[in-house]
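The values are calculated or read from the model by the stated rules, or taken from the named source; none is laboratory data. Small disclaimer: the values here were computed from a predicted structure and weren't measured. For neighbour counting, all protein chains shown are included, and Cβ atoms are generated from backbone atoms with ideal geometry for every residue, glycine included. Ligands, DNA and RNA are excluded from the accessible area calculation, which covers all protein heavy atoms including side chains. Shrake-Rupley method; radii C 1.70, N 1.55, O 1.52, S 1.80 Å.
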Amino acid sequence: MRVYISVDMEGASGVTRWEDVVTRGQDYQRARSWMTADVNAAIAGARRAGATEFVVEENHGIEMLCNLQMDEIDPAADVIRGLPRNHQATTMAGLDASFDAVFLVAHHARVRSRVGICAHTISYTEYRDVRLDGQSVGEGEIFALAAAQHGVPTALVTGDDVVAAEMSARCPTIEAAVVKRALANTAGVIIPPVRAPSVVAHAAAR
């Protein structure tokens, strides 16, 4: 079983505010490790359920999409990072029909969501709405639709309760690992990163 993991940073365990996900933030380096731990937990859970191959694609648009801690990542994973990506789209560049599932790890809610932590779509400041066929969509929904074009189901999302609700509405059979509850775009009730990986692993196994 092959699993394709799209990882962002805003939905990572412990991340609460914009400063956590950009290089100037006091917790950015810690957030890199939290993000990596969430990926490793998703791999561990999928492995328990029979998955044997993992491709992890970085999608956080800071540092040329190079944010994972490569000396901490599960050694079974292959990682797609950096730019450009063979003149293909920035995201889902390595996905094809040979995969059995897509995981969206550390993803975030769409722009204009009521409270989602670090909610945006593609750009932090330039896009007030992104629509597909007249419907507002977030990055996770766009990725899920791209996966569906290859016949690959999106099986897991990890992040806050807002992105979990958005993705569940789009993909009714998706599993959600809620690692924080949003109170505002820059505040939430947080499961500490030391505890959150078990939540992610259980959801990934399901």
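When the residues of the stretch 168-202 are filtered to those that are aliphatic (A, V, I, L, M) and farther than 23 Å from Arg30 by Cβ, the one that is most open to solvent (accessible area, probe 1.4 Å) is Ala169. Just to be sure, is Ala165 under 19 Å from Val15 (Cα atoms), in a helix (DSSP H, G or I) and open to solvent by 30 Å² or more (accessible area, probe 1.4 Å)? Answer is yes for this residue. Cβ-Cβ contacts under 9 Å between residues 6 or more apart (or on different chains), taken from a first residue in the stretch 186-206 that is basic (Lys, Arg) and assigned to a helix (DSSP H, G or I) to a second residue that is at pLDDT 95 or above and surrounded by 13 or more Cβ atoms within 10 Å (Cβ to Cβ), are absent. Pairing residues of the stretch 149-175 that are over 15 Å from Glu139 (Cβ atoms) and free of Cβ contacts under 8 Å to residues at least 40 places away in the same chain with residues that are part of a loop (DSSP other than H, G, I, E, B) and of a type outside the set (Phe, Trp, Tyr), at Cβ distances under 8 Å and at least 6 apart in sequence or on separate chains, gives Ser168/Ile174; Thr173/Pro153; Glu175/Arg206.
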